[in-house]
Amino acid sequence: MSHPWMLAALSVPLAGLVLADETPTQLESVVVTATRTAEPESTTLASVTVIDRPEIERRQARSVPDLLRGLPGVSLVRTGGPGHQSSLFLRGTNSNHVLVLVDGIKIGSATSGTASLEDLPIEQIERIEVVRGPRSSLYGSEAIGGVIQIFTRRGGGDWSPRLTLGAGTLHTTRVAAGLSGGGERGWVDLGASLDRTHGIDACSGRSKPFAGCGVEQDDRDPYRNLGLSLRAGYSFSEQAELEFNALRTEGRLDFDGSAFAGNVSRSEQQVLGAKAILKPLTPWTLTLAAGQSLDSYRSFFDDPDTDDGERFVDRFETTRDSLSLQNDWRLTKAQLATLGLDYRVDRVDGTVDYSRDTRDNLGVFGEYQASLGAADLKLSLRQDEDGDLGGHGTGNAALGYLFDTGLRVSLAYGTAFKAPSFNDLYYPDYGNPDLDPERSRSWELGIAGELPVGPGIDGRWDLSLYETDIDDLIAYDAALSAAANVRRARIRGLEATTSADYRDWSLKTSLTLLDPENRSPDANQGNLLPRRPEQSLEIDLERRFDRWSLGGTVFVVGRRYDDLANKNRLDGYALLDLRAEYRINPALRLQASLENALDEEYETAYLYNQLGRSFYLTLRYQP
């Protein structure tokens, strides 16, 4: 790790700022994912980033991976252009070590163990909470690196329509519309969106020797995605409210593939949920939630040398049914106790004949939160019973202290686990039903405070140091001719963020330094884990005028390797994105963005291509 990187990121917000008499007023964000209860973002002891709807539109992000890129602790790998698989590594852990929720419901494939973030429609999203660090003590399996929770638009108040029209490079188009309202006690939001692009050639692979996608198909790979969402609820009184939510996406993607794996895919994601919040007694809040998520993937082969059309190849489908009960008891004004349980049944179906296609999980958890003067304490425990895998216990403990100077220091320790996927356990000629869960232990030291730059500037900084040890990582063992718990890893990292607002200027920086060491007892011991950059830095600057706003983002990534042997090196790169917005009237805005303005050629996965210079126009209407 390089200390100058950290110093540069921390000092950038101070450059060019002078004292002023005015300080912008901003409402503080409230987070719920870190503790499963609402708390102010500034007081949480977890490392959390909140992205709300104004920030999504300000950044002019075109997809969820675009929005998450550059966040502290986040590394993204894309195997092509829009719509292609985006793997997210949170704090250097594996891409299947992050739990993804939509309105509290777990999504993703139970066969691969990952969620398709690239297909989630960004126009239907109200906010995203990214919690970094282990959270298995509250959520169970997968939350080794952290939790990403996506909330769809909620609605409420007077009825209001919205419309978004966009177009840009590669014949990219976007049409999105919605209607929200519900009055004083109710809330309703209905949304729909359609995205299309001709895409780029996703892969420059080769068949001999095999590398990348393993094929040579010099063609564009188009993508289409349809998204629909509905969220509605009603507050009957201060003691009872009821809410329903639904989200569905349908995608079609061409990719560089073969007759064996296909080169055309059709995917579907669906989330259905219902939640009731009751307050039988003044200090007692009871939350009942039920949900179902669907992840469906079908592949086809369209031979470019014939006119035979598409031929069906494979189908993988996951259905998850879940039920949760959570009791929150306010012991005193400064103490909160939580006791709950989660029950989930996973079912898989498709063309692969798994020896088992169903498994269930029961998790019981408890949490205690207390504010003891200047000190904050958070403790949580959970026990999961996961089918034939048996029981697994996890816990978290965090202690924070707020000094009179405004400096907050916190120390946290947590354990987490990842249950093997259906592929790990039951895939023919690979799965091993005797696998143990992957296990982790993590320490984290956090320091946060206000930037000492004068009364005219609203600025904050945050620093986190952490270490995570992961045992029993699952990989193919040639001696067994099956999957086995054969790998280990130790990940050390530093995350630093700063933000400063001065009059009409806004500046944010995010720095991540990572040491993801492979500690497996084999020839790769001591190497870097693949596809995790050792350094990444993002600097975002914006200037607001009367009707105009102009902004830019610089994103710098250091070198990393694409393989366990550390032979295929991926060079570092720097990207510059520019954006502008003009407010025609209070209801109508015109936005323009120039992404990868310097037309940088780079790879996040070996031999997979990325978008070059791209220009987009967006018109937004919302009275």
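Every read-out reported here was derived from the displayed coordinates using simple, explicitly stated rules and does not represent laboratory data. Keep in mind the model is a prediction, meaning the values are calculated, not measured. Cβ placement follows ideal geometry from the backbone for every residue including glycine, while neighbour counts extend to all protein chains displayed.
Taking the Cα centre of each part, how many Å lie between region 424-471 and region 134-199?
Cα centroid to Cα centroid, the span is 26 Å.
Do any chymotrypsin sites (Phe, Trp or Tyr not before Pro) in region 112-166 lie in a DSSP loop with no more than 14 other beta carbon atoms within 10 Å, and if so, which?
W159
Tabulate in residue order the Karplus-calculated ³J(HN,Hα) for region 577-594, using 6.51 cos²θ - 1.76 cosθ + 1.60 with θ = phi - 60°, rounded to whole Hz; enter x for Gly and Pro.
With coefficients 6.51, -1.76 and 1.60, one gets 10, 10, 8, 8, 9, 10, 8, 5, 8, x, 9, 10, 10, 10, 10, 9, 9, 10 Hz.
When you count, for each residue, the other Cβ atoms within 10 Å and take the mean per peptide, how do 229-237, 291-299 rank with the highest first?
Top of the packing list down: 291-299, 229-237.
Along the charge dipole of the chain, which of G113, L281, N566 sits closest to the positive end, that is, farthest toward it, with unit charges on the beta carbon of Lys, Arg, Asp and Glu (+1, +1, -1, -1)?
The residue sitting most towards the positive pole is L281.
Using 7 Å Cα-to-Cβ label points, what is the L339/D307 separation (nm, one decimal)?
7.2
Would you calculate the separation in nanometres between label points at L379 and T173, each defined as 7 Å from the Cα along the Cα-to-beta-carbon direction?
6.0
Apply the a/c threshold of 1.5 to the C-alpha gyration tensor of region 129-240 and tell me whether it is rounded, prolate or oblate.
Because a/c hits 1.5 or more and a/b fails to exceed b/c, region 129-240 counts as oblate.
Assuming 0.36 nm per residue, please report the length gained on full extension of the stretch F210 to A274 beyond their Cα-Cα distance.
Here the answer is 18.3 nm.
Shape call for region 31-86 from the C-alpha gyration tensor, a ≥ b ≥ c root eigenvalues: rounded (a/c under 1.5), prolate (a/b greater than b/c) or oblate?
Note, shape of region 31-86 comes out prolate.
Determine, for each peptide in 142-148, 216-222, the mean count of other beta carbons within 10 angstrom over its residues, then list the peptides with the highest first.
142-148, 216-222
Any chance you could count the Lys pairs in the chain whose alpha carbons are under 23 Å apart, treating pairs 8 or more apart or on different chains as valid?
Taking the chain as the scope, the lysine pair count is 6.
In whole Hz, with x marking every Gly and Pro, tabulate ³J(HN,Hα) for region 127-140 from phi via Karplus 6.51 cos²θ - 1.76 cosθ + 1.60, θ = phi - 60°.
My calculation for region 127-140 gives 6, 10, 10, 10, 9, 9, x, x, 9, 5, 5, 10, 10, x Hz in order.
Quick check on region 140-194: take the gyration tensor over C-alpha atoms, sort the square-rooted eigenvalues as a ≥ b ≥ c, and tell me if it's rounded (a/c under 1.5), prolate or oblate.
Cα axes put region 140-194 in the oblate bin.
Considering the alpha-carbon set of the chain alone, what are its Rg and its Dmax in angstrom?
23.9, 74
So if each residue of separation counts as 0.36 nm, and I subtract the Cα-Cα distance between N327 and N585, what length gain in nm does that give?
Length gained between N327 and N585: 88.2 nm.
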